[in-house]
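Worksheet for the structure shown next.
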Amino acid sequence: MTSEENPDFQAFLDRPEVQEAISNINSDLTDRRRYKPSQCEVLTQAYTMLQTQEQYSFDIDPEAEKLLPDIIDKRVQKIVEASAPEKSFKDMHNKKRKIGIVFSGGPAPGGHNVIAGLYDAAKKANPDSEIWGFLMGPDGIIENEAINLTKDIIDQHRNLGGFGMIKTGRTKINTQQKMDLSKETCKALGLDTLVVVGGDDSNTNAAFLAQEMHNDGVQVIGVPKTIDGDVQVKDAKGKILCAMSFGFHTAARAFSESVSNLCTDCSSDVKYWHICKVMGRSASHIALEIALQTHANITLIGEDIADYTDLTQVEQAKKDGTIDFRAYGITLRHLSRVLCDAIISRAAAGKNYGVMVIPEGVLEFVNEIQMLIIKLNTIIALHNRTHDDDFHTVFPTLEDKIEHLRRITRRKASAAGIWNQQDHDLFSDMPDFFQEGLLTERDSHGNFQFSLVKTEKVLMEMVKDYLKELADTGKYKQGLSKAWFQKMLIRENLNPDQFGPVLFKNYSNDILVLKKAIISKKTYEQALIKAELIEANSIIPASIETVYNKSIPKFKTQTHFYGYDGRGNAPTRFDCIYTYNLGLTVFSLIANGATGLMAAIRNLEKEFSEWEPIGIPIAPLMSLEERKGKLELVLEKTLVDVNSNAFKVVEELREKWLAAQPGPDQYRKPGPIRFDGASEENRPLTLQLNGLESGGE
Ligand code: FBP
């Protein structure tokens, strides 16, 4: 019955306490909107200026020099107070401006605060200045879809997650036509500046736009965004200029909370391995932070896997006077074996459960898969270049695509050199869904879309197969508590000390593991008959049967994907403060006429009082990378450094966190993201550790 038919219910709905309970506005929301992030001292000044930082230099790619001549010579700029500015400086600094801003790529918590910071600074300098938000990402620039961002709109989004204020998109401004349309839009709106908030690809866009609009007098400023944390900048000497893109902390913390909850759950019902795929298209920064936050039993780090060297193979090749390139980098089969070793060692300790974290991009670091991806990218690109039709339109089904690859294998020319029988065999051995994944369309930037591939499924299928093999050969067994074993037998008036040494390989231990030769119920019975503990064809005592059943491990998994959920989380206090200051920094760069720079905060890894707003030139950071089968000039992604403190800590504590011995697990509980309070950590653990003096080799 609706409230129309029942006036009493309408009266109930109208009660203030009911209205409050069902309102979209809750206290968390209003508290967040009201929160005022701290500001770097220099950014509170009425006038700021830029100071060139000659001490930082970059190794410049000749292609960047060629394609971005007007912005390649830009230097790092530090924002400092302009203490006694001349009138002309003041006029220029505070002139009325029209600034356009766009979000580009995946959402990242904190984006709204970049806009809020920029808006506050621009309005403080000149209340007549306007901030225009391009809708739906770069498409908004190309199509001239923009809105004037008013105080009301800004205030509604302060300190909140997502990019809902103006939405986002992944279009790349990569053709002259799109570039011309973008220029037209900036001209039509009368923009002084365009601000691009995005990751590596979007800042690449920003650099090309800055170059293209250099002579039109439109400034272009980038902002380092991405939960993946792979937009980090060091100079040629390794000095850190930008330790982390915004959004990383929030997403990694949100995922950590969920992973940590699984640690709690699995160690309570002790029957599942939770397989957690976590976002991070390429780099494993998020997985590394989750490992530090939760101490999950297993965390794969792609960069570590890529670093793997089979020393026996290297030695053998050395003896033969050759180099065995296959010794460098791990194979899928080997990786699944590493996982199985960890699983069986926990099972032997009585723990047939655990939590495993797999970065979504991990397969890119498996040599053979990386090769396949590059080869397939090239084949698709070659097809699209030589034919009028798109590869995916011409070969719509998996079967069509495989048939095309088969034909290439047989051919003598062109793509045949790329795709050989060995590739085809490796590819054909893969499950259908993975083949399909490898052949999916690349995104508009030419990136392989790992979030669409069931990485965890690929690995788990191999793990399950191998675990079965290990069980069949007596190497995968569930450890049992000796106290429990003894109690069970005594209850049935059997002497555990008679049975124990016959059944277990380690009867003197607290956790008992069946002997390797016992691989089935039959071999179990035979061992007892041989030791004359039971007679042939007699019924096995119930307790002895229970012991057998309990010692057979069942590998039961639950899979989870942590990606879009954490990406939509409301920003941590760190991300709120970081992004608000980025917004203020953007304004300062604009007010000082900068272009082709990315706003950043140096010393993020240190205390807030040491944060230093800067501008980093984008063009010198760019280099050639394979995209969609051809080399393109892009901003390089920063991968996990396997020599960093953060990684070394995880590497060192890997065994401890696997906890493959009797006793408690080592799980850490980061707790929920809190906005306030002393217990809220003030930066990612990765940054904290990497900011410390190195602990040595
Ligand atoms: P950005 O680099 O654009 O910030 O996006 C990061 C990311 O969240 C990755 O972690 C993930 O692989 C990808 O976006 C998912 O893309 P989509 O949102 O298009 O599904």
Cα convex hull volume per residue for the stretch 271-360, in Å³, equals 109 Å³
For the pair Q661 and E315, what calculated FRET efficiency results from E = 1/(1 + (r/R0)^6), where r is the Cβ-Cβ distance and R0 = 25 Å, to the nearest 0.05? 0.20
Given a 1.4 Å probe, the accessible area of the chain per residue, as a whole number of Å², is 45 Å²
Looking at the square roots a ≥ b ≥ c of the eigenvalues of the Cα gyration tensor of the stretch 599-697, which shape do they give, rounded for a/c under 1.5, prolate if a/b is larger than b/c, or oblate? oblate
Dividing the mean separation of Cα pairs under 8 Å (6+ apart) by the residue count of the chain yields a relative contact order in percent of 22 percent
With all protein chains present and a 1.4 Å probe, how do S336, S88, S623, S57 order by accessible area, largest first? S88, S57, S623, S336
Could you tell me what % of all Cα pairs in the chain have separations over 34 Å? 55 percent
How high is the relative contact order of the stretch 173-287? Use alpha-carbon pairs under 8 Å, at least six apart in sequence, and give a whole percent. 20 percent
Straight-line reach from K95: which aspartates and glutamates have a Cα under 16 Å away, not including same-chain ones fewer than 8 places off? E86, D120, D128, E130, D192
How far, in degrees from 0 to 90, does helix 645-658 lean away from the longest principal axis of the Cα atoms of the chain, to the nearest 10? 30 degrees
Hey, if you put +1 on the Cβ of every Lys and Arg and -1 on every Asp and Glu Cβ in the chain, which of G596, T638, T322 ends up farthest toward the positive end of that dipole? T322
Can you tell me the 0 to 90 degree angle between the C-alpha axis of helix 200-212 and the longest principal axis of the chain, rounded to 10? 20 degrees
Which of K36/K167; K475/K530; K515/K554; K648/K669; K375/K457; K124/K234 have a Cα-Cα distance over 29 Å? K124/K234
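For the stretch 477-551, just say rounded, prolate or oblate: build the C-alpha gyration tensor, square-root its eigenvalues into a ≥ b ≥ c, call rounded for a/c under 1.5, and beyond that prolate if a/b exceeds b/c, oblate if not.
oblate
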Cross-link reach list, aspartates and glutamates versus K351, counting only Cα pairs under 18 Å and skipping chain neighbours closer than eight places: D265, D269, D341, D510, E655, D665
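Which of the pairs K277/K487; K277/K637; K98/K178; K487/K521; K123/K225 have their Cα atoms more than 31 Å apart in this structure? Mind dumping the intermediate values first?
Numbers: K277/K487 41 Å; K277/K637 21 Å; K98/K178 22 Å; K487/K521 22 Å; K123/K225 24 Å.
Result: K277/K487 exceed 31 Å.
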With axes computed from alpha carbons, what is the tilt in degrees of helix 398-410 against the longest principal axis of the chain, rounded to the nearest 10 within 0 to 90? 90 degrees
Counting residues in the stretch 310-384 as N, plug N into 2.2 N^0.38 Å and put the Cα Rg over that result. 1.53
Please state the charge dipole magnitude for the chain, taken about the Cα centre, from unit charges on C-beta atoms (+1 on K and R, -1 on D and E), reported in debye and rounded to the nearest 20. 1200 debye
Residue among L332, L512, A283 farthest towards the positive dipole end of the chain, charges placed on Cβ: L512
Just how much of R281 is accessible, in Å², when a 1.4 Å probe is used and the result is rounded to the nearest 10? 40 Å²
If R0 is 30 Å, what FRET efficiency do you get for R410 and E461 from their C-beta distance, rounded to 0.05? 0.55
Accessible surface of E20 - all protein chains present, 1.4 Å probe, nearest 10 Å²: 140 Å²
Kindly provide the helix-only [θ] at 222 nm of the chain, computed as the sum of -39,500 (n - 2.57) over DSSP H runs of four or more divided by all residues, to the nearest 500 deg cm²/dmol? -13000 deg cm²/dmol
Gyration tensor verdict on the stretch 534-638 (Cα atoms; rounded if a/c is under 1.5, prolate if a/b is larger than b/c, oblate otherwise): prolate
Take peptides 681-691, 8-18 and line them up by average Cβ neighbours within 10 Å, highest first, as a rough protection proxy. 681-691, 8-18
What is the stretch 477-551's relative contact order, in percent, from Cα pairs under 8 angstrom and six or more apart in sequence? 36 percent
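The values are calculated or read from the model by the stated rules, or taken from the named source; none is laboratory data. Computed from a prediction, not measured in an experiment: that's the story for all the values here. Reconstructed Cβ throughout: ideal geometry from the backbone, glycine too, with neighbour counts over all protein chains shown. The protein model used for the area step is the full one, side chains on, heavy atoms only, and it has no ligands, DNA or RNA in it. Shrake-Rupley method; radii C 1.70, N 1.55, O 1.52, S 1.80 Å.
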